[in-house]
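All of the numbers you see were taken from the coordinates with simple rules; none came from a lab. The structure presented is a predicted model; accordingly, all values stated were derived computationally and were not measured. Counting neighbours? That spans all protein chains shown, and the Cβs are built from the backbone with ideal geometry, glycine included.
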Amino acid sequence: MTQSGLLPSQRHLFDIPGDVAYLNAAYMGPMAKAAIAAGEQGMAAKGRPWLIRPEDFFTDSEAVRALFAKLVNATADDVALVPAVSYGMGVAAHALPLKAGQSVLTLAEQFPSNVYPWIEKARQCNAAHVTVPRPADDDWTRAVLALIDERTAIVALPHCHWTDGGLLDLVAIRRACDRVGAALCIDATQSLGVLPFDVQAIRPDFLCVGGYKWMLGPYSFGYLYVDPRWHDAPPLEHNWIARQASEDFTALVNYRTGFQPGARRFDVGERSNFALVPAAKAALQMLLDWGPETIQATLRHRTDAIAERARAEFGLDSVAPDRRAGHYLGLRFTEGVPPELPAKLAAASVFVSVRGKSMRVTPHVYNTDEDVERLFRVMKDALS
Ligand SMILES: Cc1ncc(COP(=O)(O)O)c(C=O)c1O
């Protein structure tokens with residue numbers, strides 16, 4: 001850390017060439033060299049399966065569970081290992097009660113993995129699916145609070161909106177959920193690891209995260225925090241390792257009714273993936289070493305500077321800093337993104353995402369000042 005409390009660029013830990021400005025963590029985070037090496041080692045072990053011992057099915061999975069728990073201030077018992085947010089929210093939708101006439105709340109333009117399971121659940125239960133309209137002033141918290149009422153049974157939200165980083169005050173929303181007895185289900189894929197999340201403060205019923213974006217982990221590996229009040233709920237699927245005493249490979253056909261403790265019953269089948277788990281473990285360790293608070297401050301500093309310069313040089317607007325997550329920026333083009341801009345950026349090895357009328361700029365700890373200069377050079381060329 002520097003004296004200012006910000007992290008210096010961690011580019012040296014990544015395999016990103018100097019002339020590539022990768023400003024697209026919201027699309028897919030790169031794995032660091034250490035995580036790639038750990039994954040390669042794990043993959044190689046599968047070439048010598050006689051060396052893979054029964055305990056290896058548990059050791060790294062438990063380590064990863066404990067590291068994720070540390071990141072969100074939970075215990076390892078509260079964490080299940082899942083391949084995707086759609087799976088984790090499938091678990092949540094399967095577990096949570098919903099009665100006819102009640103409702104499930106999601107945001108306008110929310111990412112589908114935290115919407116489809118609820119549309120389906122509402123359909124099955126004769127309940128309503130309510131969409132919170134996009135607020136003109138970007139105050140999603142107020143917009144959500146205005147729609148929580150006695151009918152609301154499930155509130156399914158992100159921590160920040162995936163289109164432009166619009167931030168939600170989940171502590172205030174939890175309080176409103178408590179008042180009407182609603183469950184809170186969070187998809188934090190676009191924030192966890194780089195924006196602090198304390199399950200003791202927010203008290204989500206379920207919190208799911210895809211690990212391949214901001215968490216810099218492998219694809220198809222994510223995490224599901226389950227509040228203890230749901231640990232006895234039925235899992236989505238019935239795999240052998242989630243059952244009691246599965247450590248004893250000689251006795252697996254002594255079929256058990258009991259499960260492994262806590263949220264482990266919600267683990268996906270074959271969760272002990274020998275290539276993915278070591279890579280995920282290395283990635284989690286790095287995030288914990290840097291610390292989400294420090295990463296957030298570092299990325300806030302960078303996106304604020306980009307936002308100010310984009311306004312000054314090109315008149316581009318974005319969500320105000322106090323309503324936007326610090327790591328996330330959507331530059332708004334009122335007339336739409338000029339059609340030639342994406343191609344010009346890609347040709348200059350500047351990687352961002354265009355979503356509707358916005359250009360999403362999402363840096364991480366590997367970015368440098370030179371990456372930002374490269375972005376503005378291309379924008380100047382294309383826009384002036
Ligand atoms: C907010 C959010 N959630 C989840 C995902 C990925 O969902 P899944 O893990 O179900 O593929 C994405 C991918 O862009 C996302 O932006």
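Based on the Cβ-Cβ distance of Lys46 and Ala320, what FRET efficiency does E = 1/(1 + (r/R0)^6) give at R0 = 41 Å, to the nearest 0.05? Mind dumping the intermediate values first?
Details: r = 50 Å, r/R0 = 1.21.
So the FRET efficiency works out to roughly 0.25.
Can you give me the long-range amide H partners of Tyr366? Hydrogens built in the peptide plane at 1.01 Å from N, cutoff under 5 Å, separation of 5 or more residues or another chain.
Under 5 Å from the amide H of Tyr366: Gln10.
Give me the Å³ per residue figure for the convex hull around the C-alpha atoms of the stretch 180-262. Don't skip to the answer; put the middle values down first.
Working: hull volume 10.7 nm³, N = 83.
Here the figure is 129 Å³ per residue.
Using only the alpha carbon atoms of the stretch 61-105, find the Kirkwood hydrodynamic radius as the inverse mean reciprocal pair distance, in angstroms to one decimal.
Working: mean 1/r = 0.0808 Å⁻¹.
Radius from the Kirkwood sum: 12.4 Å.
Which ³J(HN,Hα) values, rounded to whole Hz and listed in residue order, are derived for the stretch 73-80 from phi using the Karplus coefficients 6.51, -1.76 and 1.60 in 6.51 cos²θ - 1.76 cosθ + 1.60 with θ = phi - 60°, glycine and proline given as x?
6, 10, 10, 4, 5, 8, 10, 10
So what J values fall out for the stretch 347-355 if you push phi through Karplus, 6.51 cos²θ - 1.76 cosθ + 1.60 with θ = phi - 60°, rounded to Hz, Gly and Pro as x?
Ordered by residue, 3J(HN,Hα) equals 5, 9, 6, 10, 10, 9, 10, 9, 10 Hz.
May I ask you to list the GluC sites (Glu not before Pro) in the stretch 81-161 that are in a DSSP loop and have at most 13 other Cβ atoms within 10 Å of their Cβ? Before the final figure, lay out each step's value.
Numbers: sites: Glu109, Glu120, Glu150; in loops: Glu109, Glu150.
For GluC sites (Glu not before Pro) across the stretch 81-161 that sit outside H, G, I, E and B with at most 13 neighbouring Cβ atoms in 10 Å, the list reads Glu150.
Please give the Cα centre distance for the stretch 1-46 versus the stretch 194-214, rounded to the nearest Å.
That distance is 21 Å.
For the stretch 145-159 and the stretch 215-287, what is the separation of their Cα centres, given in Å?
29 Å
Sort 356-364, 186-194, 279-287, 254-262 by packing, meaning the average of other beta carbons within 10 Å per residue, with the highest value first.
Values: 356-364: 22.7, 186-194: 28.2, 279-287: 24.3, 254-262: 12.6.
The packing order, highest mean first, is 186-194, 279-287, 356-364, 254-262.
How far, in degrees from 0 to 90, does helix 59-72 lean away from the longest principal axis of the Cα atoms of the chain, to the nearest 10?
That helix lies at roughly 50 degrees to the long axis.
Determine the gain in length on full extension of the stretch Ala343-Glu120; use 0.36 nm per residue of separation and subtract their C-alpha separation, reporting nm with one decimal. Before the final figure, lay out each step's value.
Values: separation 223, 0.36 × 223 = 80.28 nm, distance 3.83 nm.
Extra length from Ala343 to Glu120 when fully extended: 76.4 nm.
When the C-alpha atoms of the stretch 1-146 are aligned to their principal axes, what extent does each axis show, in angstrom, from largest down?
55, 46, 28
Over the chain, what portion of Cα pair distances is larger than 32 Å, expressed as a whole percent? Let's see the in-between values first.
Details: 26855 of 73536 pairs.
The share of Cα pairs beyond 32 Å in the chain comes to 37 percent.
Amide H neighbours of Asp187 under 5 Å, counting only residues 5+ apart in sequence or on other chains, H built in-plane at 1.01 Å?
Amide H neighbours of Asp187, under 5 Å, 5+ apart: Leu157, His159, Cys208.
When Lys and Arg each count +1 and Asp and Glu each count -1, what net charge do the other residues less than 12 Å away from Trp140, Cβ to Cβ, add up to?
Values: positive: Arg134, Arg142, Arg323, Arg324; negative: Glu109, Asp137, Asp138, Asp139, Asp164, Asp169.
Cβ neighbours under 12 Å give a net charge of -2.
Using 0.36 nm times the number of residues separating Ala305 and Lys33, minus their current alpha carbon distance, what extension gain do you get? It would help to have the intermediate numbers written out before the result.
Details: separation 272, 0.36 × 272 = 97.92 nm, distance 2.84 nm.
Additional length available on full extension: 95.1 nm.
Loop-only GluC sites (Glu not before Pro) in the stretch 1-64, please: DSSP not H, G, I, E or B, and at most 14 other Cβ atoms within 10 Å. Don't jump to the answer; show the numbers that get you there.
Values: sites: Glu40, Glu55, Glu62; in loops: none.
Passing sites in the stretch 1-64 do not exist.
May I ask for the angle, rounded to the nearest 10°, between helix 85-95 and the longest principal axis of the chain, with both axes built from Cα atoms and the value confined to 0 to 90°?
50 degrees
Please turn the phi angles of the stretch 226-231 into ³J(HN,Hα) values with the Karplus equation 6.51 cos²θ - 1.76 cosθ + 1.60 (θ = phi - 60°), one per residue in order, whole Hz, x for glycine and proline.
In residue order, the calculated couplings are 10, 4, x, 5, 10, 5 Hz.
Once you place label points 7 Å from the Cα toward the Cβ at Glu335 and Asp232, how far apart are they in nm?
For Glu335 paired with Asp232, the spin-label model returns 6.4 nm.
Once you've got the GNM for the chain with C-alpha springs shorter than 10 Å, pick whichever of Ala128, Ala92, Ala45 has the biggest mean-square fluctuation.
Residue with maximal mean-square fluctuation among Ala128, Ala92, Ala45: Ala45.
Between Val171 and His12, with labels modelled 7 Å along Cα→Cβ, what's the label distance in nm to one decimal, could you check?
Label at Val171, label at His12, 3.7 nm between them.
Give me the angle, in degrees from 0 to 90, between the Cα long axis of helix 170-180 and the longest principal axis of the Cα atoms of the chain, rounded to the nearest 10.
Approximately 50 degrees, to the nearest 10.
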